[in-house]
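The values are calculated or read from the model by the stated rules, or taken from the named source; none is laboratory data. Source: prediction; values computed, not measured. Here the Cβ positions follow ideal geometry from the backbone for every residue, glycine too, while neighbour counts run over all protein chains shown. Ligands, DNA and RNA are stripped out before the accessible areas are found, and what is left, the full protein with its side chains, is counted by its heavy atoms. Shrake-Rupley method; radii C 1.70, N 1.55, O 1.52, S 1.80 Å.
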Amino acid sequence: MVATTSQIPVLPAEEHERRRRRADSTLQPLWALLDEVKDPEIPVISIWELGILQDIAMRDGTVVVTITPTYSGCPAMDAIAEDVAAALAAAGYPDCEVVNRFSPAWSTSWITEEAQEKLRAYGIAPPGRGCGGGTTEVQCPRCGSRNVRSISEFGSTACKALYQCGDCAEPFDHFKPI
């Protein structure tokens, strides 16, 4: 099947650059290793799939991993840094530095298509694709209904809002499009 333009996601320049850094890296085994590091708040997706993992470099024998938080006060960043260091140490890379990069700011448009499906299967409505990293239309991840209502601007974490489906009555988190 040939992909049409409507099937190809529109990605911001930052996300193209992030994907290029990974594709062009000479450290592919380290990228693959860190694909196993999951987000501690959403354990079905990796930090790469969520768009947090930005770069991996080797400097004087030290693995330098650059990550971007989903928002500046994200409490999971310390746990993510610890998980990255533990994964690298277990693979024989005891010397590592985890660098938090805040600019450009993380965007929901950095969440991979695969991760969006994993979020939905986990019960979290993904932000979707579109202008500004997401769409405003929210769909219930359990039954697919668009008959939903906002319960609170804050869900289980600050980057998610709480919704309830009008058809299946289930509450669910929705990743806020940023």
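Observations, loosely collected:
- Among residues of the stretch 115-127 that are touching a residue at least 40 places away in the same chain (Cβ under 8 Å) and within 10 Å of ILE45 (Cβ to Cβ), those with a beta-carbon under 7 Å from a residue that is of a type in the set (A, V, I, L, M) and open to solvent by 10 Å² or more (accessible area, probe 1.4 Å) at least six positions away or on a different chain give the pairs LYS118/VAL44; TYR122/VAL44.
- Being open to solvent by less than 60 Å² (accessible area, probe 1.4 Å), in contact with an Asp or Glu (Cβ under 8 Å, 6 or more places away or on another chain), under 23 Å from ARG120 (Cα atoms) and at pLDDT 95 or above holds for only one residue in SER46, SER107, and it is SER46.
- If you go through the stretch 59-87 and keep only what is more than 22 Å from PRO104 (Cα to Cα), surrounded by fewer than 18 Cβ atoms within 10 Å (Cβ to Cβ) and out of contact with any Cys (no Cβ under 9 Å at 6 or more places or on another chain), you end up with ARG59, ASP60, GLY61, GLU82, ALA86.
- Checked across the stretch 147-154, the condition of being in a loop (DSSP other than H, G, I, E, B), closer than 21 Å to PRO69 by Cα, touching a helix residue (DSSP H, G or I) at 6+ places or on another chain (Cβ under 6 Å) and at pLDDT below 95 holds for no residue.
- One residue stands out in the stretch 140-164 among those that are among the hydrophobic types (A, V, I, L, M, F, W, C) and within 16 Å of ALA121 (Cβ to Cβ): the one that is nearest to the chain's Cα centre (by Cα), namely CYS140.
- Selection of the stretch 16-52 for residues being over 15 Å from SER107 (Cβ atoms), in contact with a helix residue (DSSP H, G or I) (Cβ under 6 Å, 6 or more places away or on another chain) and of a type in the set (Asp, Glu) yields ASP35, ASP39, GLU41.
- Flag for ARG120 being under 26 Å from GLU15 (Cβ atoms), charged (D, E, K, R) and open to solvent by 40 Å² or more (accessible area, probe 1.4 Å): yes
- Residue list for the stretch 76-103, filter: over 21 Å from the mean Cα position of the chain (by Cα) and either at positive phi or of a type in the set (Lys, Arg) (or both): GLY92
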